[in-house]
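Down below is the structure, laid out as C-alpha cells.
The values are calculated or read from the model by the stated rules, or taken from the named source; none is laboratory data. Predicted model only: the values in this text are computed from it and were never measured. All Cβ positions, even for glycine, are placed from backbone atoms using ideal geometry, and neighbour counts span all protein chains on display.
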Amino acid sequence: MFKVDIHTHILPKNLNKVTGKFSDSRFLTIGHVDEASAMLKKDGTEFRKVDCNCWNQKERIKDCDNTQVDMQVLSTLPALFSYWAKDDECFLLSQFLNDHIAQICREESHKFIGIGTIPMQNVDYAIKEMDRCISKLNLLGIEMGSNINGENLSNEKFQPIFEHAEKLGCSILVHPWEMMGQGDIQKYWLPWLVGMPAETSRAICSIIF
C-alpha cells in the first residue's frame, strides 16, 4: 500500500530573512539552538521548540523511511499564516514560504509534494498567489485557516477565492487554528483534543449549510 502523509508542516531555516525585516513582533522568528533543534519566537518570547526535521528535508526522508511513509504533502506552519498582518507583508511572506516548499519538492520529487499558503485577508493578493502556486511553482493546492481573523469561511468576501480554486482545479486543505473558546481549554491538551476538531467542524458547517 502506498502511504501518503498529508499533514506535515515545514518552515525555512532562513525564516528571519523575511520576518526579521518586519516591525511587527507577532511574526515568527527562528533562533537556532543547535543542529538538532531550534526555538521559534513570537512577540519576543519563546513560542515553540521544533526539531530539525521541521526545516531539514533529509531528516524528513529518514523519518519517512522509519515510519514506512512513501510521500509527504508539505505545508507551512499555521502560525505563519499571518492573516492579521499588513496585506503586502503577508503577501511577501507567503511567496517566501511557497518558494521554499516548491524548491524542496523539486529537489526531492520522489518524496514530497507541496501546497501553498495565501494571504486570505486580501482577496486579490490571495488569488494572485494561488495562480503562482499552481501555474509557476507546480504546487498541487493551498492551505488555509479554518477562520480568517475570526470570520467564517462562508463569508461572501472569500467566495472569489473558492471560485478561482475550482477554476484552477486547486485542492484546498483547511487547517484548524485560532480555535474558538481558547481561554477555557488551556489544560490537558484540550486545544488539540477538543479545540481543533470543534474548529474544523465549525469551518465545515459554515461552508455546507
### Query
Does region 131-147 hold any residues that are out of contact with any helix residue (DSSP H, G or I) (no Cβ under 6 Å at 6 or more places or on another chain) and in a helix (DSSP H, G or I), and which are they?
D131, R132, S135
### Extreme residue, farthest from the chain's Cα centre (by Cα), among residues of region 78-114 that are part of a loop (DSSP other than H, G, I, E, B) and under 22 Å from K3 (Cα atoms)
H110
### Test for F162: is it in contact with a strand residue (DSSP E or B) (Cβ under 8 Å, 6 or more places away or on another chain), in a helix (DSSP H, G or I), more than 23 Å from I101 (Cα to Cα) and modelled with pLDDT of 95 or more
no
### Summary
The number of residues in region 155-194 that are over 20 Å from T76 (Cα atoms) and buried (at least 17 other Cβ atoms within 10 Å of the Cβ) is 3
### Task
Within region 182-200, track down each residue that is outside any helix (DSSP H, G or I) and either touching a strand residue (DSSP E or B) at 6+ places or on another chain (Cβ under 9 Å) or on the phi > 0 side of the Ramachandran plot (or both).
Y188, W189
### Task
Kindly indicate which of A203, A126 is part of a helix (DSSP H, G or I) and at pLDDT 95 or above.
A126
#### Entry: Close pairs (8 angstrom Cβ cut-off, 6 or more residues apart or separate chains): assigned by TED's automatic domain parsing to the domain that holds E107 and closer than 12 Å to G116 by Cβ in region 132-159, among the acidic types (D, E) and surrounded by 14 or more Cβ atoms within 10 Å (Cβ to Cβ) anywhere
L137/D99
### Query
Inside region 88-103, can you point out the residues that are crowded, with 18+ Cβ neighbours inside 10 Å and polar (S, T, N, Q)?
S94, Q95, N98
